[in-house]
Amino acid sequence: MSVTHVFFDLDGTLTDPKEGITNSVAYALSHFGIEVEDKSELIPFIGPPLWDSFEKFYGFSRRDSSRAVMYFREYFADRGIFENYLFDGTREMLERLRESGKSISLATSKPTEFAVRILKRFEIDGYFHVTAGSEMNGERVRKDEVIKYALEQNGFPPPERVIMIGDREHDIIGARSCSVRSMGVLYGYGGREELIAAGADIICEKISDIPMLIK
């Protein structure tokens, strides 16, 4: 059966959020007396839920992680959200998918409120039938939860007609949990080894190749 519904991750898949996210994380960490000289060390924060990353990389308790996320959003809401760039070829790729009759949705762990603003900023919101993200209170933050919500908002299409596209293992693992196919992209922030180990059904090197790899 051919794919009718295409779900996209946002950070590292449609946009390059490196500057905004690393600046926001550094701002949050500064409130705990942690100064980061080389912000490239914070790249692993791109993709996974923020709560998990603060706990994993800095040993924060869940309570401190929640405080850190609050500080992150303090910077991100007004500044970090605009320190973001559309990958070259994104708009053209989305147009090709729309012309081929695919239904396009966003499935991101980023809060829906931020995701909507980013899509509108880059004037690509019109391509998306559904924008599925997390809640500001931390609910629906895991990628499998987001994908399940996107499936629900799309009227529960047959899983074999859905593909999830993302750049990190969380996208691939979430897709497998929901019994949908997955495509891992190499131009983002996950590597080939990470995506293959997670079980990606398809590996894509260039954004322009996405439409022709979806059958």
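Of the listed pairs Lys18/Lys120; Lys39/Lys148; Lys56/Lys215; Lys110/Lys206; Lys18/Lys110, which have alpha-carbon separations greater than 26 Å here?
Where the Cα-Cα span goes over 26 Å, the pairs concerned are Lys39/Lys148; Lys56/Lys215.
Give the peptides 72-79, 100-107, 179-186 in descending order of average Cβ contacts within 10 Å, highest first.
Result, highest mean Cβ count within 10 Å first: 179-186, 100-107, 72-79.
Output the peptides 80-89, 32-41, 162-171 sorted from most to least packed, where packing is the average of other Cβ atoms within 10 Å over each peptide's residues.
162-171, 80-89, 32-41
Quick one, which of [x] 19.8, 58; [y] 19.4, 75; [z] 16.5, 54 is the actual Rg and Dmax of the Cα atoms in Å calculated for this model?
[z]
To one decimal place, what Kirkwood hydrodynamic radius in Å is obtained for segment 1-94 from all pairs of distinct Cα atoms?
Details: mean 1/r = 0.0698 Å⁻¹.
14.3 Å is the Kirkwood radius here.
Solvent-accessible area per residue for the chain at a 1.4 Å probe radius, Å²?
Accessible area per residue, the chain: 46 Å².
Keeping the other protein chains in place, figure out the carbon and sulfur percent of the accessible area of segment 56-178, with a 1.4 Å probe. Spell out each step's value before the answer.
Details: 2760 of 6040 Å².
Taking all protein chains in place, segment 56-178 shows 46 percent carbon and sulfur surface.
The values are calculated or read from the model by the stated rules, or taken from the named source; none is laboratory data. These numbers come from a predicted model, not from an experiment. As a convention, Cβ positions derive from the backbone with ideal geometry for all residues, glycine included, and neighbour counts pool all protein chains shown. Accessible surface is based on the protein model in full, side chains and every heavy atom, while ligands, DNA and RNA are left aside. Shrake-Rupley method; radii C 1.70, N 1.55, O 1.52, S 1.80 Å.
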